[in-house]
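Below is one structure, written out as structure tokens, with a few remarks after it.
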């Protein structure tokens, strides 16, 4: 069943301007219909409602990029990077944009990206090792299943 706010002509947004589901749907609708400038308004509102959610800020930057406003996209990604320095997706887009725009900053962001990816990998290994040490009995059934195949 289609949600009640599935048509941007409905009154949902007028009655629920802070409903994140309505805002997200409308933003996605405008991206899908190639009206990225209109989608930005909704994702910026989502950013105000949920400022600690990097997702909305990345969507704003993505809309600028999709609409061809690469300078504004770059500025937005840089701002996101200042707030969320370990966000891999943001760093990947900074590397891509700087490469496409021929900017010298590409090396700086590429280095940061490698460091963040390495730290993430180390964190995952430490977590896995800690889990194995703390809960070895939970892993035994998986070892038995693995040997059956």
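Given the residues 140, 114, 78, which is the only one that is part of a helix (DSSP H, G or I), out of contact with any helix residue (DSSP H, G or I) (no Cβ under 6 Å at 6 or more places or on another chain), at pLDDT 95 or above and farther than 30 Å from residue 33 by Cβ?
On the way: 140 fails: at pLDDT 95 or above; 78 fails: farther than 30 Å from residue 33 by Cβ.
The conditions single out 114.
How many residues does region 89-102 contain that are in contact (Cβ under 8 Å) with a residue 24 or more places away in the chain and either surrounded by 14 or more Cβ atoms within 10 Å (Cβ to Cβ) or touching a strand residue (DSSP E or B) at 6+ places or on another chain (Cβ under 8 Å) (or both)? Talk me through it step by step, then tell me what you get.
Restricting attention to region 89-102, the residues satisfying the condition of being in contact (Cβ under 8 Å) with a residue 24 or more places away in the chain are 89-91, 93, 97-98, 100-101.
Keeping just the survivors that are either surrounded by 14 or more Cβ atoms within 10 Å (Cβ to Cβ) or touching a strand residue (DSSP E or B) at 6+ places or on another chain (Cβ under 8 Å) (or both) gives 89-91, 93, 97-98.
Going through region 89-102 one residue at a time, the tally reaches 6.
From the list 103, 91, pick out the single residue that is assigned to a loop (DSSP other than H, G, I, E, B), in contact with a helix residue (DSSP H, G or I) (Cβ under 9 Å, 6 or more places away or on another chain) and modelled with pLDDT of 95 or more.
Details: 91 fails: assigned to a loop (DSSP other than H, G, I, E, B).
Exactly one residue qualifies, and that residue is 103.
Going by the conditions given, is residue 86 farther than 23 Å from residue 34 by Cβ and either in a loop (DSSP other than H, G, I, E, B) or modelled with pLDDT of 95 or more (or both)? Before you say what the answer is, go through the steps one by one.
Working: farther than 23 Å from residue 34 by Cβ: yes; either in a loop (DSSP other than H, G, I, E, B) or modelled with pLDDT of 95 or more (or both): yes.
Yes; evaluated as a whole, the condition is true for this residue.
The values are calculated or read from the model by the stated rules, or taken from the named source; none is laboratory data. These numbers come from a predicted model, not from an experiment. As a convention, Cβ positions derive from the backbone with ideal geometry for all residues, glycine included, and neighbour counts pool all protein chains shown.
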